Amino acid sequence: MLAAFEALKAAYTVARHEDGPDIDVYFEGAAQACSRLAAARRERVQQLEQGRARRAAATR
């Protein structure tokens, strides 16, 4: 969802350019959005794994 929103923001930015849309700029924005989403997902998975490890250690 976030990646789609970021891609739309990138498309809006490209459309505002006077020379017309540059597809490379659009795709760069979309790629950056996807990269940020993937990084956020990796961070969240890591947090969940650490929480599970702490809970498992606490029950021992």
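A short reminder: the numbers here are calculations on the coordinates, not readings from a lab. Quick caveat, the model's predicted, so the values are computed rather than measured. Please note: Cβ atoms are built from the backbone with ideal geometry, for glycine as well, and neighbour counts cover all protein chains shown.
Quick notes
- Nearest-ten-degree value, helix 2-16 long axis tilted from longest Cα axis of the chain: 20
- Label corresponding to volume of the Cα convex hull per residue in Å³ when calculated from the structure given, among (i) 99; (ii) 51; (iii) 90: (ii)
- Electrostatic bookkeeping for Gln47 treats Lys and Arg as +1 and Asp and Glu as -1; over the other residues with beta carbon under 12 Å from its beta carbon, the sum is +3.
- Against the chain, whose longest principal axis is taken from its Cα atoms, helix 23-58 shows a tilt of about 10°.
- The chain - percent relative contact order, Cα under 8 Å, separation 6 or more: 33
- Gain on full extension, evaluated as 0.36 nm per residue between Phe27 and Ala3 minus their Cα-Cα distance, stands at 7.5 nm.
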